[in-house]
Amino acid sequence: MRVLFIPMAWSSHYYPMVPLAWAFRAAGHEVRVAGQPPVVEPVLRSGLVVAPVGAGYDLMAGVAGLNDRIRQARGRMPASVEGMRALPPQVLRDFRNLQYVPHVSAATAMADELVDLVRRWRPDLVVTDPVTLVGPVVAAAAGCPLVHHLWGPYMPGLDHFPGLGADPAEWPAELRALYARLGVPERPRYAAATVDPCPASLQSVDLPDRVPVRYVPYNGSGAVPAGLAEPADRPRVCVSWSMSNTLAVGADGFQVPEIIAALRRLDVEIVVTVKESDRAALGDPGAGVRLLTETPLHLILPGCAAAVHHAGAGTMLTAAVCAVPQVLVTPVPDQTFNAERLAATGAGVALKADATTVDDIAAAVATVLADPGWAGAAARLRAEIAAQPSPAEAVSTLTRW
């Protein structure tokens with residue numbers, strides 16, 4: 001078979017696809033990944049073949065623009081769905097109307113190049129991010145099934161997205177025009193199946209035609225940092241933060257200095273990992289903090305007693321695979337939703353960034369370190385993930401078509 005993957009133009013949405021893509025390759029199938037510029041280098045570093053498309057539109061800039069409007073209306077990004085609903089009515093209406101714009105613009109930028117690609121390469125299967133709205137166009141042009149690949153818990157409101165259950169009459173006019181131009185009938189749903197790397201205890205809905213798959217951590221490639229393979233003299237706590245938060249939410253969403261200040265109150269070893277682009281925002285972390293940049297998280301977490309992070313799905317699931325209790329400090333609603341799902345399993349504590357102090361963070365970390373119940377819940381979650389079908393088994397399911 002020939003399998004074409006099309007991730008959203010965010011490396012954190014591409015990384016969960018890598019194990020499945022490589023499972024297809026290991027089974028003898030041909031794989032290509034088509035994506036916009038932000039994912040080209042991540043694809044190459046993962047060892048797969050990339051087809052660059054859609055260079056005319058910057059999805060991240062589009063998302064950041066929407067979030068800027070919210071910050072201007074409220075002063076900072078709300079950290080929860082409730083906070084979003086508390087926005088001034090006109091701002092909330094504008095956001096709901098405009099939230100599709102970046103995704104529709106990305107689809108428009110990629111569509112013609114992707115149609116040309118699939119007519120030449122003829123894939124037998126197209127695998128896309130659920131919010132990659134060009135997916136139905138590509139599958140129709142190739143004459144093959146479309147499969148969605150989730151990145152974590154199914155977010156509230158996704159079923160209002162085009163192709164995920166929304167009435168086509170409510171789609172943005174620009175998307176309807178794109179589908180009409182390329183001869184794609186409008187339907188509420190298109191995917192033949194949804195690959196889901198999220199274990200049942202973290203997932204929020206019963207997905208139709210779900211193909212469960214074990215979450216296998218992939219956060220990029222790299223070398224194990226010196227000293228992290230050995231046990232620590234004190235509890236080692238990893239602090240991780242997403243570059244995507246800084247780009248999309250702004251500097252007020254960068255909580256790492258507050259987290260470090262909280263951890264200094266405890267007798268712990270502090271390891272901080274950030275993207276190189278966030279290094280300047282952190283400044284000098286001071287003595288007693290080990291700072292790592294561009295280091296894959298799955299190489300750091302196995303020796304840690306706790307992790308403090310923003311509740312991005314990839315970070316959260318990687319920590320879960322490593323059976324590490326988590327403290328989640330969330331700056332935006334989708335990450336708060338992830339954190340609440342994890343907290344319900346007993347494997348972590350959820351804190352909203354816009355209502356959290358340094359004292360709160362320190363107390364939460366001290367709690368998960370002192371009470372073995374948190375580690376026990378984290379171990380049960382790891383066992384649940386390990387019991388899911390492997391990527392190779394998911395490939396076997398998907399190739400039966």
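The values are calculated or read from the model by the stated rules, or taken from the named source; none is laboratory data. Here the structure is a predicted model, which means the values were calculated and not measured. Reconstructed Cβ throughout: ideal geometry from the backbone, glycine too, with neighbour counts over all protein chains shown.
With (1) in contact (Cβ under 8 Å) with a residue 40 or more places away in the chain; (2) closer than 21 Å to Asp196 by Cα; (3) within 17 Å of the chain's Cα centre (by Cα) as the list, and Gln36 as the residue in question, which single condition is left unmet?
Condition (2) is where Gln36 drops out.
Just to verify a result, which residue in the stretch 192-226, among those that are under 30 Å from Val272 (Cβ atoms) and among the hydrophobic types (A, V, I, L, M, F, W, C), is surrounded by the most Cβ atoms within 10 Å (Cβ to Cβ)?
Taking the candidates together, the pick is Cys198.
Please verify whether the stretch 157-172 includes one or more residues that are in contact with a Lys or Arg (Cβ under 7 Å, 6 or more places away or on another chain), in a helix (DSSP H, G or I) and small (Gly, Ala, Ser).
no
Return the residues of the stretch 110-168 that are modelled with pLDDT of 95 or more and small (Gly, Ala, Ser); say none if nothing qualifies.
Within the stretch 110-168, Ala111, Gly135, Ala139, Ala140, Ala141, Ala142, Gly143, Gly152, Gly163 qualify.
Taking the condition of being buried (at least 17 other Cβ atoms within 10 Å of the Cβ), among the aliphatic types (A, V, I, L, M) and assigned to a helix (DSSP H, G or I), how many residues in the stretch 21-59 meet it?
The total comes to 6.
Let's see how each residue does on (1) more than 25 Å from Arg400 (Cβ to Cβ); (2) outside the structural domain of Met60 (by TED's automatic domain parsing); (3) buried (at least 22 other Cβ atoms within 10 Å of the Cβ); (4) over 18 Å from the mean Cα position of the chain (by Cα):
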site	(1), (2), (3), (4)
Pro102	yes, no, yes, no
Val127	no, no, yes, no
Ala139	no, no, yes, yes
Gly143	no, no, no, yes
Leu146	no, no, yes, yes
Met155	yes, no, no, no
Leu158	yes, no, no, no
Glu174	yes, no, no, yes
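Within the set of pairs 6 or more residues apart or between chains, which connect a residue that is farther than 22 Å from Thr318 by Cβ inside the stretch 197-209 to a residue that is of a type in the set (Phe, Trp, Tyr) and buried (at least 17 other Cβ atoms within 10 Å of the Cβ) with Cβ atoms less than 6 Å apart?
Val205/Tyr154
Among Thr399, Thr356, which is the only one that is hydroxyl-bearing (Ser, Thr, Tyr) and either touching a strand residue (DSSP E or B) at 6+ places or on another chain (Cβ under 6 Å) or in the same structural domain as Ala261 (by TED's automatic domain parsing) (or both)?
Answer to the selection: Thr356.
Given the conditions (1) within 28 Å of Ile259 (Cβ to Cβ); (2) under 22 Å from the mean Cα position of the chain (by Cα), which single one is not true for Ala394?
It fails just one condition, (1).
What are the residues in the stretch 105-124 that are surrounded by 22 or more Cβ atoms within 10 Å (Cβ to Cβ) and either over 21 Å from His13 (Cα atoms) or not small (Gly, Ala, Ser) (or both), if any?
Met110, Leu114, Val118, Pro123
Condition check: farther than 28 Å from Ala319 by Cβ and at pLDDT 95 or above. Does Arg71 satisfy that?
In short, no.
Just checking, how many residues over the stretch 210-228 are of a type in the set (D, E, K, R) and touching a residue at least 60 places away in the same chain (Cβ under 8 Å)?
1
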